[in-house]
């Protein structure tokens, strides 16, 4: 019986092309996940809370020991670690972010 | 000219398309993309909430600012009443979104954390509500004893 190897060649070519296309689509799928994750990280960054602490740290009247103590207690209720000193020294930590700045204006 | 190679390539592409469509269908039907963060959909409302708190924390405005509201807060029978000007302004901002809002004042009284709910903004939120808060340096010895700093918590929902 005559052996016809053409069909096997077609399968081989097909397999090669599929591997290439699948690897490209894998990269594309990773891009989507990376995009979602990075935008989520951007949105979840507690910029308003840090700005709030920065405003409190900008004045010596809102940076007394008692005020800072009460801020720490109220932050702890929300699951954050907050600390600040006059002028502009701010620390903020939550589950995702650890922010520690000598000058929060920068 | 030998066209055999080109035919092989064409057939290869056709076969690969078939396999690709099958793989794509399988993956589309099994992979569920669920947002890992429940507040993802409400991020716009959350940002609007932060903006509202920022806008009404203007120290120039007396009774309509957060500081003025806390300073001129009146209380009795377990209810806390904000100045009328503040209530009107906040209601106007919420109606413009439109959204419902609940305002809580949280402070430390020296031994424990206490919470007060403003009388006109005391509706119960729905489960998909978002929460924003702002720390305001203000005091009111009559209604919020020993408070040097007050957390104004705004809960928003549509």
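Restricting the search to segment A:1-54, which residues are out of contact with any strand residue (DSSP E or B) (no Cβ under 9 Å at 6 or more places or on another chain) and closer than 17 Å to residue A:105 by Cβ?
Correct list: A:47, A:51.
Are any of the residues in segment A:29-37 under 30 Å from residue B:20 (Cβ atoms) and surrounded by 14 or more Cβ atoms within 10 Å (Cβ to Cβ)?
Looking for residues that are under 30 Å from residue B:20 (Cβ atoms) and surrounded by 14 or more Cβ atoms within 10 Å (Cβ to Cβ), one finds at least one in segment A:29-37, hence yes.
Run down A:18, A:71 and say which single residue is closer than 30 Å to residue B:17 by Cα and buried (at least 18 other Cβ atoms within 10 Å of the Cβ).
A:18
Output the residues belonging to segment B:134-148 that are modelled with pLDDT under 90, buried (at least 20 other Cβ atoms within 10 Å of the Cβ) and within 7 Å of chain A (Cβ to nearest Cβ).
B:137
Quick test of your reading of the structure: residue A:10 fulfils all but one of (1) within 12 Å of another protein chain (Cβ to nearest Cβ); (2) over 30 Å from residue B:154 (Cβ atoms); (3) surrounded by fewer than 17 Cβ atoms within 10 Å (Cβ to Cβ). Name the failing condition by number.
All conditions are met except number (3).
Does residue B:153 satisfy the condition of being in contact with a strand residue (DSSP E or B) (Cβ under 9 Å, 6 or more places away or on another chain), within 17 Å of residue A:48 (Cβ to Cβ) and outside any helix (DSSP H, G or I)?
The answer is yes for residue B:153.
Need the failing condition index for residue A:63 against (1) within 30 Å of residue B:134 (Cβ to Cβ); (2) at the interface with another protein chain (Cβ under 8 Å from one of its Cβ atoms), just the number.
(2)
Out of (1) more than 19 Å from residue B:149 (Cα to Cα); (2) touching a helix residue (DSSP H, G or I) at 6+ places or on another chain (Cβ under 9 Å); (3) within 12 Å of another protein chain (Cβ to nearest Cβ); (4) surrounded by 15 or more Cβ atoms within 10 Å (Cβ to Cβ), the odd one out for residue A:94 is which?
The failed condition is (3).
Scan segment B:88-119 for residues that are outside any strand (DSSP E or B) and within 11 Å of chain A (Cβ to nearest Cβ) and jot them down.
B:109, B:110, B:111, B:112
The values are calculated or read from the model by the stated rules, or taken from the named source; none is laboratory data. For clarity, every value in this text was computed on a predicted model and none was experimentally measured. With ideal geometry, Cβ positions are generated from the backbone for all residues, glycine too; neighbour counts draw on all protein chains shown.
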